[in-house]
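The values are calculated or read from the model by the stated rules, or taken from the named source; none is laboratory data. Everything quoted here is computed from the prediction, not taken from an experiment. Cβ atoms come from the backbone with ideal geometry, glycine included; neighbour counts cover every protein chain shown. Remember, those area values only see protein heavy atoms, side chains included, never the ligands or the DNA or RNA. Shrake-Rupley method; radii C 1.70, N 1.55, O 1.52, S 1.80 Å.
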Amino acid sequence: MALEKKPNFKEIESKSNKSKRFASSRLSPKPNFKEIESRWQKWWLDKKIFKFDPKSKKSIFANDTPPPTISGRLHIGHALNYTLFDFVARYKRLAGFNVFYPIGWDDNGQPTERYVEKKLGIKSKDMPRSKFNKIVINELKDAEKLVKEDSVAFGMSYDWSTLYKTISPQSIKAAQTSFLDLHKKDLVYRAEEPMLWCPHCQTVLSQADVEDKQRATKLNYIKFKANKKDILIATTRPELLPACVAIFVHPDDKRYKKLIGKKATVPLFDYQIPIKASKDIDLEFGTGILMVCTFGDKADIEKWKKHKLPLKIIVTKEGKLNKLAGKYKGLTLAEARKKILKYLTAEKLLVKQEPLQQTVGVCWRCHEAVEFLVTKQWMINLIDYKKEFIKQGRKIKWHPKFFRARYEDWINNLGWDWVVSRQRHFGVPIPVWYCKKCNEAVVADLKNLPVDPETDKPKKKCKCGSKDFEPEHDVFDTWMTSSLTPEIALSWPDKKLSSKFFPMDLRSSGHDIIRTWAFYTIVKAFYHFKKIPWKHAMINGMVLDPKGRPMHKSLGNVVSPRNMIEKYSSDAMRYWASNVSLGEDIPFQEKELARGMKILIKLWNVSRFVELHLKTKPKKSKLKTIDQWILGRLHQTLEQYQKYFDNYQPSKARKEIEMFFLHEFADFYLEMVKHRLYGDEKANEVKYTLYQCLLGILKMWAPFIPHITEEIYQQTFKSAEKDKSIHISAFPKKTKIDKKAVKLGKLTVEAVAAIRKYKADNNMSLGKEIEKLTLYHPKVSELKKVADDIKGTMRIKELHLKKGKLKVK
RNA sequence: GGGCUGGUGGUCUAGUGGUAUGACGUUCGCUUGACAGGCGAAAGGUCGCCGGUUCAAUUCCGGCUCAGCCCACCA
C-alpha cells in the first residue's frame, strides 16, 4: 500500500490554510478519556455553563433534585438515579428550556450526625444544639467535597450556585415556618399515646420509618392458671409477661367459653388478669388464646384502647425492663426473654416451643426491632386528608405509571398521623416553649425564625401571664425538612414561590422513598399552598448485584462507581445507566460499561473520519438520494428520540440514537459515500451531509455521554457553530423529510447488505473489486436510481440489475 | 391475604393483533485509504402454562404458575 496507515496530522495541519479551517485542532488517534473528562468537568464548573439564567425568555424546566446525604462517597445506586435525571436535564436544555437544576446536601440526618461524631470524637448531646449544628456545617466541608467530587465525576450538570443544605439557617427557617403554618391551620397537635419507638436510637418513629424484617422465632406455650385449672397460652414474647393486662378467647370457642369473665393468673409474676372475648381471635393459632400486653404489637394497642384495659409499662426508653418486672429489672428485652424462659422451664410452666417465622418492624436507620412506648409527641394530621392526598397524587404524572398505585396503597394503609418530633439532639429544633406555670405550648413568631428554643426565649408572655418557660428539647423528623426541598431550593419562605417554578416540573427518586420523600412532599405542598409540588415524578429502580441480590457491604458485592469510572470512564458509566428501563430494578452488568467504551471509541473514530474530510464548514448544495436518505433518517430519529425523552424514557431515546448512529450512519452511509469522497475532491454535498449528521448525532448523544461529545464538538464544530458548549446548544431544527429518498435509501441498504453477504460467503474481502455482478431485486426500477452508489460502495465494475427475488450472482 | 411488576434465542433485553429487536457470548470469513477495544456474515427462540375472543395472539381477555417488590397479618 502506498498510503500510510496513520495520517501525519502535523504535516496535514501545516499544509492546510489555518485561517480557512473551521476546526482549530484535530482529534487524536486515541482518546484519553480520563484527561478529556476531567478537563471538561473543570471547564463546565469554571465557565458556569449550567448556571440558571433568570433573565432568559425560554420557558423554565425546574428540577427538584434529591439532595444526597453527606456521610461518605456516593454509591452505584446514586450513579444510576442521578445520571437518569441528568439525562433529562441535559435533554431539556438542548430542547430549548431554561433548566433550573439546583442541588443540595442533606446533612441534617443521623448519618451525618454519626459521621461528624465519629470523625471528631464528640457527642452531639454534650453541647448546645446550635453549637453542634455549626460544627456540622464546618466539619462537613471535607465530606461535602467528596460528594461534590463524585457528582462532578458522574458528569452531573447541576447549577452549583444554588447549593442548599438541609441544616442551614435557611432550611431550619423553612421547616419551622412549615410547622408554624400547620400549627396556624390546626393541622398539628400534641398527643400522648403508644407509638413506635426505637430503643437503639432512643426516639419515636413514624410508620414510614419502620421496615419489615423476617426472622425466625419461637412460639412458647406457657401455663397460666384459670379457674384452678391450667390453660396454655402461646406467645412469642414471654418477656412481656409482667406487662400482661388481659387474655382473649373467641366467644364461640367451646374450650374456653366457660372462662369468659373469669380471671387468670400470670405465671412467675402471680397477678390476676381478666379473661375476655373477642371475635377476631383465631381459633387455630397457638392454643386459641391471645395474651394482651402493653405493648407487644399493634393488636395489643387496639385491644387496650377498645377494652379500656389498664396500662402496665415495663419497658424503658432504652429498651430495658423497669421495676414492674421485679427481679428482671435492668435487663434488656432479649436478656429478659432468655431468663424468663429459663425460669418457666425450671418451674415446668413452659410446655413446648414451636419454631415460627415472624415479621417484625425494624428501625430504617439502625435496623433494630422497634417497640411500642407511650410518649408525648408532636403529630401532623394525615388521616383526615387521605382522600386529598390521593387526589393530589392523581394530578401528578408518574413515570412509570404503576408507581402511583404504590403511592395510593401507602396512603390507604396509613394507620397513624405523622409523628414529627424526634428525641434526638441534632436536627432542626421544634420552635416551641412550654409555660412552666400552666403548661401551655407557646410557638415562636414567624418573624423570629429560625429559633432554637434551648438558646432563644419567646418574645412574649404566656396567656396566663407567666414568663417562665421550659424549651422544647426535641427536633423534627428529617423528613420535616426534606419534604420541603422544592420550596427550599426556591428560597422559600424568604422569597415567594413563583408559579413559573412551582409546581416544579420534575422530581426523580428511587421507589423506596415514595412513602416518605414523595408522600411528605406532596402533603406539604398541599397543606401550605394547595398545590402539587411537581408535575412529573420519575421513579427508578434499585441497582442489584449481577445475581439479582441487593448490594450490601456484608455480602461483599458492592460496586463502587469510582472504580468503574477509573476502569472505563464516566461516559461509559452513564452509558450503563442509560440502559436501564425506568422503574425496573437492575442487576449490575459490567459488560454494559465495556459496551459503552466501544460506543465512545466508535463515536470518536467516526468523528475523526468525518473531520478528515472537512476543511471548512460545507455549504448546502444539491444532494443525492443517499444524502437525503440519511438526513431524513436523522430527523426521523430525532423526532422519535424527543418523543421518548418527553415521555421520560431516556433508555428508549438512547436506543433510538444508538441504532441510527451505528447501523445506519456508520455501517452504511459512511461506507456508501467513501467512493464519492475519494473520487471527487469536492464532493460538497457529501461533506455537507456528514457535517449535519455528525453534529445532530453528537447532540443526541450529548445528554448521555457529555464529555466525549463536548470534546468532539469543541475540536471539530466549535469554530463554525456559535454555541459555547454543545450542552447549551439546540437540536437541529425540523426540516422536511424526503420520504421517497428515505424509502429508496432503505432499498439501497438492503442491496448492499445482500452483496456483502455474497462477498462473505465467497470468502472475499469487502474491498475486493468485482468485475461483473448481477443483482436480482423485486424493485429493480427503483434501485437503478442508486446503481452508482451500490457499485461504488461494493467496488463493482459492471452491475446488472434484474427483476426478481433478492439474489446475487 | 391485598396490590404492583416481570417471565421473549446460552445470558441480558426491545417490541408488536399477522411466528420477533438489539447487545454479549458462539461459529465462519475479512486490513472497506475512521476504527483489531475493528469490519462483514452465520447459527440459535413452539415469546412461562392452560383456556377464551379473532381469519390470525407472543401481543387482547380470564385462570394458573414461578420470581421480585410494596402493604397488611404476624398470639
Some residue of the stretch A:686-697 being of a type outside the set (A, V, I, L, M, F, W, C) and under 34 Å from the mean Cα position of the chain (by Cα): yes
Look through A:K376, A:K352 and report the one residue that is surrounded by fewer than 17 Cβ atoms within 10 Å (Cβ to Cβ), within 16 Å of RNA strand B (Cβ to nearest atom), in a strand (DSSP E or B) and at pLDDT 90 or above. A:K352
For the stretch A:678-698, the count of residues that are open to solvent by less than 10 Å² (accessible area, probe 1.4 Å) and either near RNA strand B (Cβ under 10 Å from one of its atoms) or in a helix (DSSP H, G or I) (or both) equals 9
Scanning the stretch A:491-517 for residues that are of a type in the set (A, V, I, L, M) and touching a residue at least 24 places away in the same chain (Cβ under 8 Å) gives A:L497, A:M504, A:L506, A:I514
Filtering the stretch A:769-798 down to residues that are assigned to a loop (DSSP other than H, G, I, E, B) and either over 53 Å from the mean Cα position of the chain (by Cα) or away from RNA strand B (no atom under 16 Å from the Cβ) (or both), which residue is farthest from A:V742 (Cα to Cα)? A:E769
Which of the following residues is surrounded by 15 or more Cβ atoms within 10 Å (Cβ to Cβ), among the charged types (D, E, K, R) and closer than 25 Å to A:Y256 by Cα: A:K320, A:K303? A:K303
Could you grab me the full set of residues in the stretch A:579-604 that are small (G, A, S), more than 6 Å from RNA strand B (Cβ to nearest atom) and farther than 15 Å from A:I657 by Cα? A:G583, A:A594
Quick one: in the stretch A:280-309, which of the residues that are charged (D, E, K, R) and within 11 Å of RNA strand B (Cβ to nearest atom) is farthest from A:A226 (Cα to Cα)? A:K298
Of those in the stretch A:542-576 that are outside any loop (DSSP other than H, G, I, E, B) and open to solvent by 80 Å² or more (accessible area, probe 1.4 Å), the residue nearest to RNA strand B (Cβ to nearest atom) is A:K567
Within the stretch A:604-662, the residues that are under 24 Å from A:I36 (Cβ atoms), over 30 Å from the mean Cα position of the chain (by Cα) and β-branched (V, I, T) are A:V606, A:V610
Being out of contact with any helix residue (DSSP H, G or I) (no Cβ under 8 Å at 6 or more places or on another chain), charged (D, E, K, R) and open to solvent by 30 Å² or more (accessible area, probe 1.4 Å) is true for just one of A:E584, A:E592. Which residue is that? A:E584
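Residue by residue, here is whether (1) over 30 Å from A:L593 (Cα atoms); (2) touching a residue at least 40 places away in the same chain (Cβ under 8 Å); (3) open to solvent by 20 Å² or more (accessible area, probe 1.4 Å) holds:
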residue	(1), (2), (3)
A:A702	no, yes, no
A:K757	yes, yes, yes
A:L766	yes, no, yes
A:L773	yes, no, no
A:K779	yes, no, yes
A:K785	yes, yes, yes
Do you know which of the residues in the stretch A:737-768 that are under 45 Å from the mean Cα position of the chain (by Cα) and not in a helix (DSSP H, G or I) is farthest from RNA strand B (Cβ to nearest atom)? A:D738
Looking at this structure, is A:L196 within 16 Å of RNA strand B (Cβ to nearest atom), surrounded by 19 or more Cβ atoms within 10 Å (Cβ to Cβ), touching a residue at least 24 places away in the same chain (Cβ under 8 Å) and in a helix (DSSP H, G or I)? no
In the stretch A:595-623, which residues are part of a loop (DSSP other than H, G, I, E, B) and open to solvent by less than 50 Å² (accessible area, probe 1.4 Å)? A:H613, A:L614, A:P618, A:S621, A:L623
Any residue at all in the stretch A:84-97 that's farther than 25 Å from A:S570 by Cβ and free of Cβ contacts under 8 Å to residues at least 60 places away in the same chain? no
Scan the stretch A:626-642 and tell me whether some residue there is of a type in the set (V, I, T) and surrounded by fewer than 18 Cβ atoms within 10 Å (Cβ to Cβ). no
Filter the stretch A:407-453 for residues that are within 16 Å of RNA strand B (Cβ to nearest atom), exposed (fewer than 15 other Cβ atoms within 10 Å of the Cβ) and free of Cβ contacts under 8 Å to residues at least 40 places away in the same chain and give the result. A:D409, A:N412, A:N413
